[in-house]
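Rule-based calculations on the coordinates, nothing more; no lab input. Everything numeric in this text was worked out from a predicted model, so none of it was measured. Note: ideal-geometry Cβ built from the backbone for every residue, glycine included; neighbour counts use all protein chains shown.
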């Protein structure tokens, strides 16, 4: 199992190109199950989660072919599900990644049945799929459970319906959006997620022939089609990666230009960073990020659904506030077990107290390098940020979490002056 050695204290300076969004790519890859024609995806990141989804889709019958970069067109892959060979998503694959449940809606819509293992992924909370199943039942699916698997059947096809989500769920919105694209009649999805990744999925489905209105608002209308066709689609830039590197620039007192980063995806994050004394300036290629003047200032933050502050940037923000002047209060309202990075940050000298879903961070001038252990994807990168700012050497163990969500992290940081090295354990 690999580990990272980070020698901190070097300001990051230069340019980092933001990769395609993992959280957008995964549901869009699942959408390839909705048609027998090829779906060509560009700007597809090279990540462990992407490889896991590819493996899952291939056992369903999807043939994947790499597409190389040509001129202005980025690399990616063709995905073609000419025939559905299996409607079962096995535990061996699904346990590695929660997003595997996103094949449920497409399989049910196209093949009339699906058997999907209950999902895995990071240990940051229960994250049940009850809203996915509630919505599919409203579309006419019959749902049962057996031996840790969800069994769904719609032998006469799915039928459009009005579905009101009692709480906002990104995954459920994605699953229902895909399923409704092949359902009979009109579906109205109410109180849905508004994330940029939802909009990107809708754009891809529209390119495949789906009739969708309202993506990006809290109400989406889908008029089901008898079939969808192939298309070409470019995955949006990863706003979580962009936010992470923005905070890396801030915590190291450096200056980075984040190529392809989109201001519109990060408005609340940018507003929060500016309250901390970080200057974020749009450029014709992305975003320029640096400290405005002197030491970072403490600021309070509460995670919430888009357009609020994303939970996937909470750990990184906490690492940054560990070096800020003053006391900040952080509230986590999305996942109930997402402070597992706190004990590791305190090993590096951070002063953090937690009570329930709230953390109080008293900033200190200097963090110290130490051996630490990653517990989940975003927690692991928060420790990288802390290590970049700390005095001495940080040893980060269990870095396989990083490989799930950050493409070429050591290469990108190293090109901007970071002293970071991956070594086999």
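Could you compute the FRET efficiency for residue 95 and residue 365, with r as their C-beta to C-beta distance and R0 at 45 Å, rounded to 0.05? With R0 = 45 Å, the Cβ-Cβ based efficiency is 0.60.
With both residues required to sit in the chain, DSSP beta bridges show an antiparallel share near 70%.
When the chain is fully extended, how far beyond the present Cα-Cα distance does residue 213 get from residue 58, taking 0.36 nm per residue of separation?
Here the segment from residue 213 to residue 58 would lengthen by 52.7 nm.
Averaging over all projection directions, the Cα-based convex hull of the range 265-317 occupies 3.9 nm² in the image plane. For the range 277-329, relative contact order (Cα pairs under 8 Å, six or more residues apart, normalised by length) works out to 34 percent. Note on the range 181-285: antiparallel DSSP beta bridges, both residues inside, total approximately 90 percent of the bridges counted. Highest mean packing comes first when the peptides 274-280, 105-111 are listed by Cβ atoms within 10 Å, giving 105-111, 274-280. Principal axis extents of the C-alpha atoms in the range 132-191 (largest first, rounded to whole Å): 32, 27, 15.
Taking 1.002 mPa s as the viscosity and 20 °C as the temperature, the Stokes-Einstein diffusion coefficient of the range 22-234 based on its alpha-carbon Kirkwood radius rounds to 128 µm²/s. For the residues 255, 213, 226, a GNM of the chain with alpha-carbon springs under 10 Å puts the largest fluctuation on 226. Counting only DSSP beta bridges with both residues in the range 101-195, the antiparallel share comes to about 70 percent.
Spin-label model, residue 353 to residue 325: label points 7 Å out along the Cα-to-beta-carbon direction sit 2.3 nm apart. Computed from label points 7 Å out along Cα-Cβ, the spacing between residue 425 and residue 17 is 3.2 nm.
Measuring nothing but how far apart in sequence close Cα pairs (under 8 Å, 6+ apart) lie, relative to its length, the chain scores a relative contact order of 21 percent.
Between residue 83 and residue 142, the FRET efficiency from the beta-carbon distance, with R0 = 22 Å, is close to 0.35. Judged by the mean number of other Cβ atoms found within 10 Å, the most tightly packed of the peptides 227-239, 53-65 leads the ranking 227-239, 53-65. Shown for the range 188-332 is the translational diffusion coefficient from the Stokes-Einstein equation, using the Kirkwood radius over Cα pairs, a temperature of 10 °C and a viscosity of 1.306 mPa s: 95 µm²/s.
With the highest mean first, a sort of the peptides 174-184, 259-269 on other beta-carbon atoms found within 10 angstrom per residue produces 174-184, 259-269. Entry note, the range 22-234: relative contact order of 20 percent, from Cα contacts under 8 Å with a spacing of 6+ residues. Computed over all pairs of different Cα atoms, the Kirkwood value for the hydrodynamic radius of the range 288-368 is 12.9 Å.
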